[in-house]
Amino acid sequence: MRRGSNLTVLFPKWTNKLPAVLALGAAATGLFVVFVVNFWFSPKHTDVGYQPYQPISYSHKLHAGSMGMDCRYCHRMVEDGPHATIPDADTCFGCHKNIKKDSLALAPLHAAYGTGKGDGTPIEWVKVHLLPDYAFFNHAVHVRAGVGCVSCHGRVDQMEIVRQVEPLSMGFCLECHRDPSAHIRPNGVGATDMTWTATPDSIAAAKKLLEWQGDNPPALNPPTHCSACHR
Amino acid sequence: MSTLKITLALLAVSCAGLTGCMRGGVSDAPPVHLVLDMDFQHKLKAQSHIEFEGWPDGRSSRLPVHDPVSTDPLGKTLVVARGSLPNADLSHKDASGAFKKQNPLPLTHTFTVLGKPVATIDRGKERFDIHCSICHGTTGLGGNGPTGNGLAGRHWPVAIPSFHFAEGKDNRVANLTDGELFDVITYGKNTMPAYGARLSVEDRWAIVHYVRALQSLSK
């Protein structure tokens, strides 16, 4: 024993464990960082739950839920074009010139309608479901393939204020594009039916359609290559 | 080592707690973009705002062009939006300007909807259920109060006549000609809004076919 040597002063006995503790700590910190990034940097956290306030406190729960209006009464381009389109003031005003016409909540609508000749100030609805600008998405082809609104937008008919419920990330898209059978509705079930859920029959029919190569009915061929969406 | 164990346990518990309550929580703050890449590109996007001095109203989706020579009763109206581009065959008026008595769209016409063939009467029923049933009810009986067929009439004092035939009534609405029905759908009437901008010409004629089919139940 060389008690009192310089080294034992500089490195007491407990420092023997230091490299092991440091290594463990570094590993734990590394794992923690990976976990944090994986969990909280995911669109499941950053995007899901986005519920902006709108200029008019429009309730989908009332209009689409209790009243049972079809989604396409307002979002009428959904079958024809890439966007589901927010209705123009004329669509709202068609009913609200009679119903609740003096409601204070409708002041922005009256401003937007103007004289009815496109001279009003548009209502600046806040877009809820935001895809990055480099991602191509077309509503019409999805509706055409038998994908319902609820698959991506959730039960909008139960939402007082619309909220994003799915991450709408690349992983979310690809998951469905690789096996969409649980989301493909059979002929005769409308895309706007919010209560439809997949049955073993519908899944079997969809799987059959995925292998189908003909034109009638149109083949179901969800692309998974890059330029399907990044074009 | 016990302190390390306690620290790790605390960490695990706090992670579990945070994962339980934090992910996907409701927020009115816009989504965070951790890597901006090209998420927001300076380009015209549908129905958005654009800063461009040529378009002082800031609409990226432009309004339809006004028709300077329109003979439309609503004046210089939005001819493209109304879906009434001149097509003499599908016009609701004949050469003399009188309403057509007969639906110019044959019942045998086949719509191609999303790549699939759809019979005219099915297309008419679908469009009727989307756009008309909210007031007229899926039956076309309309009406007000608790017995009203459409939801609007059941809850609000909106006059919604039935277009069915009934004993002892003048049956004015039921006896409208096809051209007149088309006119009402296109331009609206009294409390009914105009659907010309929302339904294509073919869709409106398909609805007229479907209305006739509904009426045949009460004839």
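Looking at the structure I just gave you, is A:Ile123 facing another protein chain (nearest Cβ under 9 Å), aliphatic (A, V, I, L, M), out of contact with any Gly (no Cβ under 7 Å at 6 or more places or on another chain) and outside any helix (DSSP H, G or I)?
Numbers: facing another protein chain (nearest Cβ under 9 Å): no; aliphatic (A, V, I, L, M): yes; out of contact with any Gly (no Cβ under 7 Å at 6 or more places or on another chain): yes; outside any helix (DSSP H, G or I): yes.
The answer is no for A:Ile123.
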(request) Could you check segment B:97-203 for helices (runs of 4 or more DSSP H) lying wholly inside it with 1 or more residues that are touching a strand residue (DSSP E or B) at 6+ places or on another chain (Cβ under 8 Å), more than 13 Å from chain A (Cβ to nearest Cβ) and in contact (Cβ under 8 Å) with a residue 12 or more places away in the chain? (result) B:120-127, B:178-187
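Please pick out the residue among A:Gly188, A:Gly214 that is assigned to a loop (DSSP other than H, G, I, E, B) and on the phi > 0 side of the Ramachandran plot.
Working: A:Gly214 fails: on the phi > 0 side of the Ramachandran plot.
Unique residue meeting the criteria: A:Gly188.
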(message) Of the residues A:Ala89, A:Ala107, only one is in contact with a helix residue (DSSP H, G or I) (Cβ under 6 Å, 6 or more places away or on another chain) and not hydroxyl-bearing (Ser, Thr, Tyr); which?
(response) A:Ala89
(request) Scan A:Gly94, A:Gly118, A:Gly146 and give me the residue that is touching a His at 6+ places or on another chain (Cβ under 9 Å) and facing chain B (nearest Cβ under 9 Å). (result) A:Gly118
(request) Give segment A:78-90 a look and list any residue that's more than 7 Å from every other protein chain (Cβ to nearest Cβ) and either more than 16 Å from A:Ala191 (Cα to Cα) or free of Cβ contacts under 8 Å to residues at least 12 places away in the same chain (or both), or say none. (result) A:Pro87, A:Asp88, A:Ala89
(request) Mind listing just one residue for me: the one in segment A:102-124 that is within 17 Å of B:Leu63 (Cβ to Cβ) and of a type in the set (S, T, N, Q) and, of those, surrounded by the fewest Cβ atoms within 10 Å (Cβ to Cβ)? (result) A:Thr115
(message) Looking at segment A:16-46 only, could you name the residues that are hydroxyl-bearing (Ser, Thr, Tyr) and exposed (fewer than 11 other Cβ atoms within 10 Å of the Cβ)?
(response) A:Thr29
(message) When you scan segment A:107-126, do you find a residue that is within 17 Å of B:Pro31 (Cβ to Cβ) and at pLDDT 90 or above, even just one?
(response) yes
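For (1) closer than 22 Å to B:Asn149 by Cα; (2) surrounded by fewer than 19 Cβ atoms within 10 Å (Cβ to Cβ), each residue gets a yes or a no:
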position	(1), (2)
A:Val48	no, no
A:Pro55	no, yes
A:Gly65	yes, yes
A:Arg76	no, no
A:Ala84	no, no
(message) Tally up the residues in segment B:91-114 that are under 22 Å from B:Glu126 (Cα atoms) and touching a Gly at 6+ places or on another chain (Cβ under 6 Å), please.
(response) 1
(message) If A:Cys173 meets every condition in (1) crowded, with 19+ Cβ neighbours inside 10 Å; (2) free of Cβ contacts under 8 Å to residues at least 24 places away in the same chain apart from one, which number is that one?
(response) (2)
(message) Looking at (1) in contact with a Gly (Cβ under 6 Å, 6 or more places away or on another chain); (2) buried (at least 17 other Cβ atoms within 10 Å of the Cβ), which one does A:Pro222 not meet, given that it meets all the others?
(response) (1)
(message) Pairs please, first residue from segment A:48-62 and closer than 20 Å to B:Gly25 by Cα, second anywhere and of a type in the set (Gly, Ala, Ser) and in a loop (DSSP other than H, G, I, E, B), Cβ atoms under 6 Å, 6+ apart in sequence or on different chains.
(response) A:Val48/B:Gly24; A:Gly49/B:Gly24; A:Gly49/B:Gly25
(message) So A:Tyr134 ticks every box in (1) more than 7 Å from chain B (Cβ to nearest Cβ); (2) not in a helix (DSSP H, G or I) but one. Which box is left unticked?
(response) (1)
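Let's see how each residue does on (1) within 21 Å of the chain's Cα centre (by Cα); (2) of a type outside the set (Gly, Ala, Ser); (3) buried (at least 20 other Cβ atoms within 10 Å of the Cβ):
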site: B:Asp94; (1), (2), (3): no, yes, no
site: B:Ala98; (1), (2), (3): no, no, no
site: B:Thr108; (1), (2), (3): no, yes, no
site: B:Gly124; (1), (2), (3): yes, no, yes
site: B:Ile130; (1), (2), (3): yes, yes, yes
(request) List the number of the failed condition for A:His129; all other conditions in (1) over 30 Å from B:Thr112 (Cα atoms); (2) in contact with an Asp or Glu (Cβ under 9 Å, 6 or more places away or on another chain) hold. (result) (1)
(request) Hey, can you tell me all the residues within segment B:41-54 that are assigned to a loop (DSSP other than H, G, I, E, B) and loosely packed, with under 13 Cβ neighbours inside 10 Å? (result) B:Gln41, B:His42, B:Lys43, B:Leu44, B:Glu51, B:Phe52, B:Glu53, B:Gly54
(request) Look at B:Gly83 and say whether it is in contact with a Lys or Arg (Cβ under 9 Å, 6 or more places away or on another chain), modelled with pLDDT under 75 and within 27 Å of A:Val143 (Cβ to Cβ). (result) yes
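The values are calculated or read from the model by the stated rules, or taken from the named source; none is laboratory data. Model, not experiment: these values are computed from the prediction. Every residue, glycine as well, gets a Cβ built from its backbone with ideal geometry; the counts of neighbours run over all protein chains shown.
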